[in-house]
Amino acid sequence: MPKYVLDTVVLRVFAFAHPQGIDILLSALKAPSACFPTEVYNQDENNLPPNVSDESLSKLARGLRYSVNGSI
């Protein structure tokens, strides 16, 4: 199985474009799953309250939080 390397721009586009965006991306790549470096995405967007600085979170999580909460 080939390994795909995606930058955070691609991940953000698919994560924000549709509620199942990551699943759509995996389907397009014909990949059953994906691994993301933790600094890119660690499913940590809900680890902090909305009004707390999120610099310790993964890059994609910060973007997801911003799209939901706006700037802090």
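The values are calculated or read from the model by the stated rules, or taken from the named source; none is laboratory data. Note that the coordinates shown come from a computational prediction; the quantities given were computed from them, not determined experimentally. As a convention, Cβ positions derive from the backbone with ideal geometry for all residues, glycine included, and neighbour counts pool all protein chains shown.
Which of the numbered conditions does V9 fail, given that it passes all the others? Conditions: (1) surrounded by fewer than 11 Cβ atoms within 10 Å (Cβ to Cβ); (2) more than 10 Å from the chain's Cα centre (by Cα); (3) under 24 Å from N69 (Cβ atoms); (4) of a type outside the set (F, W, Y).
Of everything listed in (1) surrounded by fewer than 11 Cβ atoms within 10 Å (Cβ to Cβ); (2) more than 10 Å from the chain's Cα centre (by Cα); (3) under 24 Å from N69 (Cβ atoms); (4) of a type outside the set (F, W, Y), V9 misses just condition (2).
Would you please list the contacts, defined by Cβ atoms under 8 Å and residues six or more apart or on different chains, that run from a residue in segment 38-53 that is farther than 12 Å from N69 by Cβ and surrounded by 11 or more Cβ atoms within 10 Å (Cβ to Cβ) to a residue that is at pLDDT 90 or above and among the aromatic types (F, W, Y)?
Pairs that qualify, where the first residue is farther than 12 Å from N69 by Cβ and surrounded by 11 or more Cβ atoms within 10 Å (Cβ to Cβ) and the partner is at pLDDT 90 or above and among the aromatic types (F, W, Y): there are none.
Among the residues that make up segment 27-46, is at least one of them modelled with pLDDT of 85 or more, out of contact with any His (no Cβ under 7 Å at 6 or more places or on another chain) and not in a loop (DSSP other than H, G, I, E, B)?
Scanning segment 27-46 turns up at least one residue that is modelled with pLDDT of 85 or more, out of contact with any His (no Cβ under 7 Å at 6 or more places or on another chain) and not in a loop (DSSP other than H, G, I, E, B).
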